[in-house]
1. Inside the range 211-249, can you point out the residues that are closer than 19 Å to residue 52 by Cα and of a type in the set (A, V, I, L, M)?
2. Tell me which residues, restricted to the range 177-227, are of a type in the set (Ser, Thr, Tyr) and touching a residue at least 12 places away in the same chain (Cβ under 8 Å).
3. Identify, from the list 37, 51, 29, the residue that is assigned by TED's automatic domain parsing to the domain that holds residue 145, out of contact with any Leu (no Cβ under 8 Å at 6 or more places or on another chain) and over 16 Å from residue 125 (Cα atoms).
4. Determine whether residue 206 is under 17 Å from the mean Cα position of the chain (by Cα), closer than 19 Å to residue 118 by Cβ, at pLDDT 95 or above and in the same structural domain as residue 143 (by TED's automatic domain parsing).
5. Would you check which residues across the range 152-168 are part of a helix (DSSP H, G or I) and under 28 Å from residue 205 (Cβ atoms) and list them?
6. What is the one condition in (1) in the same structural domain as residue 57 (by TED's automatic domain parsing); (2) surrounded by fewer than 18 Cβ atoms within 10 Å (Cβ to Cβ); (3) hydrophobic (A, V, I, L, M, F, W, C) that residue 146 does not satisfy?
7. Could you please find all residues in the range 39-68 being farther than 17 Å from residue 1 by Cα and surrounded by 19 or more Cβ atoms within 10 Å (Cβ to Cβ)?
Amino acid sequence: MPPTPDQLAAARLRYEVDGVVATITLDKPEARNAQTPTMWRTLAAIGEELPDEVRVVVLRGAGATFSAGLDRTLLAPGGGDGQESVAELLAASDEVVSETIDAYQRGFTWLRDPRFVSIAVVHGYAIGAGFQLALSCDLVLAADDAYFCMKEAALGLVPDLTGTKPLVEAVGYPRALEICATARNVGAEEAVRIGFALDAVPVDALDARLADLVSALTAPMAGAVRETKALVASAAAADLDTQRRLEREAQTRRFRELAALLGAAT
């Protein structure tokens, strides 16, 4: 079952499905959409129950910013949203810490599922967990006022919400290390130039650019886009022979679907 309205409200999320487009909004604008374990667990639950017909998932933040990252009060006992505190992990066993972080990461990893294309729409700040949430999406569409920062090193921590792999894949090892280790801000224009953001547009043009992108992504047949995403995702890690085989297998499946559609039409 998908999260109930009460569960979404407790996690400070909005979730809407309109045809083939699902929109998830971080809805805690008074705290710059600071994130909590409750939010991460609920994001994972949305991913587990996403309708099969959804072709695009849009992730955005309410108010003036995308997400300022982890709710800092979670680092103090009893802090955060009163449901789960990261500070409790400090006294836990290594096994419990690993299992808990694994559960948190699932709120991010489902956005890479080949069934759909995910788009992070970033305005204002995407800090720490906010940056990693944006990087979890296939495409990052930024407003020209956007700033990205992997803040964890400045707090004595490391990025642990699956952001390191997509950042390295997008910008390369040296630049990713510099961004993560220095915890510096990366502006929207630089984000586009070094490769992890698709575009940077004026804030008042962001929704129109998103609409154009969604329209373009949903114009081809759903199966073609899904197979293409899976192929592009595998290309960097696969050797040439493996990638050639994956292409052949994907195209065979496309031929079979097209043949079935043509047969049904005659």
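1. Passing the criteria: 214, 217, 219, 221, 222, 224, 225, 230.
2. Step one: filter the range 177-227 for residues of a type in the set (Ser, Thr, Tyr), giving 182, 215, 218.
Of everything in the range 177-227, those that are of a type in the set (Ser, Thr, Tyr) and touching a residue at least 12 places away in the same chain (Cβ under 8 Å) turn out to be 182, 218.
3. Exactly one residue qualifies, and that residue is 51.
4. Judged against the criteria, residue 206 is not a match.
5. Answer for the range 152-168, where residues must be part of a helix (DSSP H, G or I) and under 28 Å from residue 205 (Cβ atoms): 166, 167.
6. Residue 146 satisfies all of (1) in the same structural domain as residue 57 (by TED's automatic domain parsing); (2) surrounded by fewer than 18 Cβ atoms within 10 Å (Cβ to Cβ); (3) hydrophobic (A, V, I, L, M, F, W, C) except (2).
7. At the first step, the residues of the range 39-68 found to be farther than 17 Å from residue 1 by Cα are 55-68.
55, 56, 57, 58, 59, 60, 61, 65, 66, 67, 68, listed by residue number.
A quick yes/no check of all residues on (1) among the basic types (Lys, Arg); (2) modelled with pLDDT of 95 or more:
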| site | (1), (2) |
| --- | --- |
| 183 | no, yes |
| 190 | no, yes |
| 193 | yes, yes |
| 202 | no, yes |
| 212 | no, yes |
| 236 | no, no |
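The values are calculated or read from the model by the stated rules, or taken from the named source; none is laboratory data. All values reported here derive from a predicted model rather than from experimental measurement. Cβ: placed from backbone, ideal geometry, glycine included. Neighbour counts: every protein chain shown.
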